[in-house]
Amino acid sequence: AQSVTQPDIHITVSEGASLELRCNYSYGATPYLFWYVQSPGQGLQLLLKYFSGDTLVQGIKGFEAEFKRSQSSFNLRKPSVHWSDAAEYFCAVVPGTASKLTFGTGTRLQVTL
Amino acid sequence: DAGITQSPRHKVTETGTPVTLRCHQTENHRYMYWYRQDPGHGLRLIHYSYGVKDTDKGEVSDGYSVSRSKTEDFLLTLESATSSQTSVYFCAISEENNSPLHFGNGTRLTVT
């Protein structure tokens, strides 16, 4: 079945360390790709999106993501994590123009001081 | 923040009772969505709307109905609530099909 996979349920990093959150999809064509962040008790906020063009996209809060077609991946990165980045992160995919957004199961990020 | 208001924010109800959740937007966006969020499942689409009185089913629509009589309001109804519908429900809006979604702050529903 077509799907979006976030293999890491929970990640802990130290403040100031680099971060990479993984996302893989299993759709045939190049989908539209998104990363969202959810703070406790809040709705989701868009971090960044990829539709086409440059495969390295910049988002808000210092995040970036790289689309790698050969690996069917869209990993989220940040060079130096801040304590306020602790939240849950969702990768989401639109497989095609007639489809709707499908979310991964999320990765919860904990930041230690 | 996008102008999206969900009401109520919290609700506890008994099995078998009807429940209606409301989503109100002030952005005049065409598309509106209802998702539910459950541990281990991420967010799953229940129903969506692409205009007044135009709605369609998502992947987990059984047991739910929706209505959109005005651009700004999208209602989600559980005709007869079950314990499996205990969840956090999120409304989202978007300007166009597959453009980025803006989310409300959610409604936590508990069915006892």
Item to check | Per-selection Rg to Rh, the range B:6-92 - Cα, Kirkwood hydrodynamic radius | outcome: 0.94
Next on the checklist: Below 8 Å, C-alpha to C-alpha, sequence gap of six or more: please give me the relative contact order for the range B:4-111 in percent.
Outcome noted: 36 percent
Checklist entry - Expressed as cubic angstrom per residue, what is the convex hull volume of the alpha carbon set of the protein assembly as shown? => result 121 Å³
Next on the checklist: Keeping all protein chains in place and using 1.4 angstrom, which order do A:Val4, B:Val52 fall into by accessible surface area, from largest down?
Outcome noted: B:Val52, A:Val4
Checklist entry - Once the principal axes of the Cα atoms of the range A:4-112 are found, what is the range along each, listed largest first in whole angstroms? => result 40, 28, 22
Next on the checklist: If DNA, RNA and ligands are ignored and the probe is 1.4 Å, what is the ranking of B:His47, A:His10, B:His10 by accessible area, most exposed first?
Outcome noted: B:His10, A:His10, B:His47
Next on the checklist: What distance in nm separates the two pseudo spin-label positions at B:Lys57 and B:Glu96, each 7 Å out from Cα along the beta-carbon direction?
Outcome noted: 2.9 nm
Checklist entry - Using a 1.4 angstrom probe and counting only protein chains, how large is the accessible area of A:Arg108 in Å², to 10? => result 110 Å²
Checklist entry - Of A:Val93, A:Val13, A:Val37, which is the most mobile in a GNM of chain A whose springs link Cα atoms less than 10 angstrom apart? => result A:Val13
Item to check | Nearby aspartates and glutamates by direct alpha-carbon distance to A:Lys49 (threshold 12 angstrom, same-chain neighbours under 8 apart not counted) | outcome: A:Glu64, A:Glu66
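The values are calculated or read from the model by the stated rules, or taken from the named source; none is laboratory data. The model shown is predicted, which means the values in this text are computed figures rather than measured ones. Virtual Cβ from ideal backbone geometry, glycine too; neighbours counted across all protein chains shown. What goes into the accessible areas is simple: the full protein's heavy atoms, side chains included, and nothing from ligands, DNA or RNA. Shrake-Rupley method; radii C 1.70, N 1.55, O 1.52, S 1.80 Å.
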